[in-house]
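All remarks here apply to the structure that follows.
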Amino acid sequence: MRNLIFEEPGIRVNTNTTQNLNHAWERIRVPVVVPALHLAMYICIGMSIMLFLERIYMAIVIAGVKCFGRKRYTKYKLESVKEDLEKHKNYPMVLVQIPMFNEKEVYKLSIGAVCGLSWPSDRLIVQVLDDSTNEVLRTLVDLECRKWIERGINVKYETRNNRNGYKAGALKEGLKKQYVDDCEFVVIFDADFQPDEDFLWRTIPYLLDNPELALVQARWKFVNADECLMTRLQEMSLDYHFSVEQEVGSSTCSFFGFNGTAGVWRIQAVNDAGGWKDRTTVEDMDLAVRASLKGWKFVFVGDLAVKNELPSTFKAYRFQQHRWSCGPANLFRKMMKEIMLCERVSIWKKFHLIYGFFFVRKIIAHWVTFFFYCVVIPATILVPEVHLTKPLAIYLPATITILNAACTPRSFHLLVFWILFENVMSLHRSKATIIGLLEANRVNEWVVTEKLGNMMKQKYSAKASKRPRSRIGERIHVLELLMGMYMLYCAIYNMLFGNDHFFIYLFLQAGAFFIVGVGYVGTFVPN
């Protein structure tokens with residue numbers, strides 16, 4: 001009787017529950033799950049092919065550019081322009097803007113590097129746009145500016161009582177100053193950028209030689225790329241952006257997205273495009289697109305690099321990637337109609353902007369990485385009725401990956417880590433693009449990317465062996481942990497019931513999701 005009352009009902013309940021779940025799964029699997037998964041797979045395959053063709057196209061263009069020496073910035077006769085400047089002493093007035101917000105660790109580096117630029121002091125204005133909320137830090141920045149003023153540099157220290165428009169608002173207010181009226185060009189450096197002293201001599205002549213040119217963009221050189229594995233992986237992604245995407249855009253249709261820093265603008269072009277706007281979190285890209293639609297041209301100078309710092313804490317990197325993914329998607333929503341109706345640019349340039357620049361690179365690239373490689377392909381393991389051929393599941397993404405990573409040969413041995421990390425980050429980026437397209441919550445979230453600077457590195461180098469404490473809530477990321485559990489379940493299922501070795505990838509990818517989910521990535525600093 002005891003066994004009947006206390007044991008058998010429990011066994012019966014568990015058995016019935018399992019049977020009910022299995023029965024429900026079998027009832028919906030064929031009529032519902034299989035068609036839905038087929039549709040998702042076809043959509044993802046289409047997006048994957050679009051991304052593959054875009055990467056092949058850019059690979060062909062960049063190969064032609066390098067093989068035939070067709071880089072656009074090499075066509076200019078800069079030496080004759082420089083000789084004319086030195087002979088007639090007709091130097092243009094140049095404004096250098098340094099926007100900053102509570103940049104305790106790097107403000108001295110940036111101000112010192114900019115004040116050391118080689119250019120006649122009476123034709124150069126350094127404008128420090130400080131939106132810091134820390135009054136002590138404001139005092140320190142003001143003292144740094146006064147130090148350089150005493151050395152003969154024309155430094156203007158400008159502050160605001162609010163952060164309206166964030167960086168775009170600060171840059172816009174800076175251009176309204178009366179002393180800017182005489183300036184012909186404006187150079188922008190974020191607070192962690194340290195240009196070499198000949199930066200202006202290697203950029204301004206381009207603008208003097210071609211009156212149709214609005215922007216000269218330099219590439220970035222990362223001073224802390226070797227700080228941790230996360231910064232090495234960032235370097236691989238950004239090297240492709242500069243070496244391929246920017247170069248192709250500059251060489252084919254004279255358009256690419258302004259990177260927000262390490263660039264020189266013609267002030268006339270900025271005003272012609274409507275000035276700085278704060279309607280999205282990518283005010284730099286917004287200005288570039290509007291200037292391009294007005295007929296202005298851009299040039300990317302690939303052999304001119306400006307030192308700067310990569311975000312080395314995962315928290316800072318997440319905020320940066322949200323802004324970089326959400327902003328372009330939101331700008332695409334706002335400007336698609338304007339681009340389509342613009343009559344001043346060619347159909348080819350419209351196509352490049354809408355399809356190549358925005359749709360494929362800023363939206364499809366994130367979605368296909370996450371939904372195809374992290375959701376759909378693992379799901380096909382659980383639904384045997386859906387078959388995915390190896391060329392689509394392996395060879396296509398492998399080709400895309402190799403093309404991306406080829407720009408950083410020194411880190412090619414980190415290729416597997418880069419793939420796993422990029423797949424994890426695609427979750428965050430895909431969510432951000434959806435927020436941008438729908439203009440949902442956090443669409444206008446602006447968090448300044450935290451910089452550690454040389455002082456922070458020196459301060460904690462002696463304590464590298466001791467891991468500082470951090471709040472658990474700040475390090476746990478629920479979505480990544482859920483994805484890790486999903487990938488782990490698919491891996492175990494494939495190992496037990498599959499007839500291939502796909503579970504190896506799934507175990508690795510699940511591990512990557514778990515590592516990121518508990519915040520065990522990047523540089524750790526005390527709160």
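The values are calculated or read from the model by the stated rules, or taken from the named source; none is laboratory data. Being a predicted model, the structure only gives us computed values, none of them experimental. Note that we place each Cβ from the backbone using ideal geometry, even for glycine, and neighbour counts take in every protein chain shown. The area values use the complete protein model at the heavy-atom level, side chains included, leaving out ligands, DNA and RNA. Shrake-Rupley method; radii C 1.70, N 1.55, O 1.52, S 1.80 Å.
What does the C-alpha gyration tensor say about the overall shape of segment 254-380? Classify as rounded when a/c is under 1.5, otherwise prolate if a/b is larger than b/c, or oblate. Spell out each step's value before the answer.
Values: a/c = 2.00, a/b = 1.32, b/c = 1.52.
Here segment 254-380 falls in the oblate category.
Surface composition of segment 72-310: carbon plus sulfur atoms contribute 44% of the solvent-accessible area (1.4 Å probe, protein chains only, all chains present). When segment 186-271 is described by a simple charge dipole with +1 on each Lys and Arg Cβ and -1 on each Asp and Glu Cβ, the residue from V270, S251, N224 located farthest towards its positive end is V270.
How about K87: which aspartates and glutamates have a C-alpha closer than 15 Å to its C-alpha, ignoring those fewer than 8 places off in the same chain? Those aspartates and glutamates meeting the cut-off are E79.
Where the centroid of each part is defined by its Cα atoms, how far is segment 247-261 from segment 191-244 in Å? The two parts, judged by their Cα centres, are 12 Å apart.
When the charge dipole of the chain is built from unit charges on Cβ atoms (+1 for Lys and Arg, -1 for Asp and Glu) and taken about the Cα centre, the candidate among Y166, V128, L143 whose Cα reaches farthest toward its positive end is Y166. Each listed q (0.12, 0.14 Å⁻¹) maps to a log10 I(q)/I(0) for segment 72-310, found by the Debye formula over equal Cα scatterers with no solvent: -0.67, -0.93. For segment 20-79, the alpha carbon convex hull comes to 107 Å³ per residue, rounded to a whole number. Mean separation of Cα pairs under 8 Å and 6 or more residues apart, divided by the residue count, gives the chain a relative contact order of 17 percent. Quick one: which of K75/K350; K66/K350; K362/K431; K177/K307; K277/K334 span more than 19 angstrom between C-alpha atoms? Where the Cα-Cα span goes over 19 Å, the pairs concerned are K75/K350; K66/K350; K177/K307.
Can you bin segment 7-149 into rounded, prolate or oblate? Criterion: square roots of the alpha carbon gyration tensor eigenvalues sorted a ≥ b ≥ c, rounded for a/c under 1.5, prolate for a/b above b/c, oblate for the rest.
Numbers: a/c = 6.32, a/b = 1.92, b/c = 3.30.
Here segment 7-149 falls in the oblate category.
Membrane-span-like helices in the chain, defined here as complete DSSP H runs extending at least 27 Å along the helix axis by their C-alpha atoms with mean Kyte-Doolittle hydropathy no lower than -0.5, are 34-67, 415-438, 478-497; this is a sequence and geometry rule, not a statement about a membrane.
Rolling a 1.4 Å probe over the heavy atoms of the protein chains gives segment 72-310 an accessible area of 37 Å² per residue. Given +1 at the Cβ of Lys and Arg, -1 at the Cβ of Asp and Glu and no other charges, the dipole of the chain around its Cα centre is 360 debye to the nearest 20.
The convex hull built on the alpha-carbon positions of the chain has an orientation-averaged projected area of 30.8 nm². For the residues D198, D181, D190, a 1.4 Å probe over the protein chains yields an accessible-area ranking, largest first, of D181, D198, D190. Dividing the summed -39500 (n - 2.57) terms of all DSSP H runs of n ≥ 4 by the residue count of the chain sets its mean residue ellipticity at 222 nm at -16000 deg cm²/dmol.
Go through F371, F52, F256 and list them by solvent-accessible area, largest first, probe radius 1.4 Å.
Numbers: F371 70, F52 50, F256 5 Å².
The most accessible residue leads, giving F371, F52, F256.
Name the residues whose placed amide hydrogens come within less than 5 Å of the amide hydrogen of V306, ignoring near sequence neighbours (fewer than 5 apart) on the same chain. The list, which skips near neighbours in sequence, is R219, W220, K221. Taking the Cα centre of segment 72-310 as reference, the dipole from Cβ charges on Lys and Arg (+1) and Asp and Glu (-1) amounts to some 500 debye. Counting heavy atoms of the protein chains alone, Y395 has an accessible area of about 130 Å² for a 1.4 Å probe. Does segment 258-333 come out rounded, prolate or oblate, given a ≥ b ≥ c as the square roots of the eigenvalues of its C-alpha gyration tensor, rounded meaning a/c under 1.5 and, failing that, prolate meaning a/b above b/c? It is oblate, given that a/c is not under 1.5 and a/b is not larger than b/c.
Take every Cα pair under 8 Å in segment 70-174 that's 6+ residues apart, average their separations, divide by the length, and report that relative contact order as a whole percent.
Details: 119 pairs, mean separation 28.7, N = 105.
The normalised contact order for segment 70-174 reaches 27 percent.
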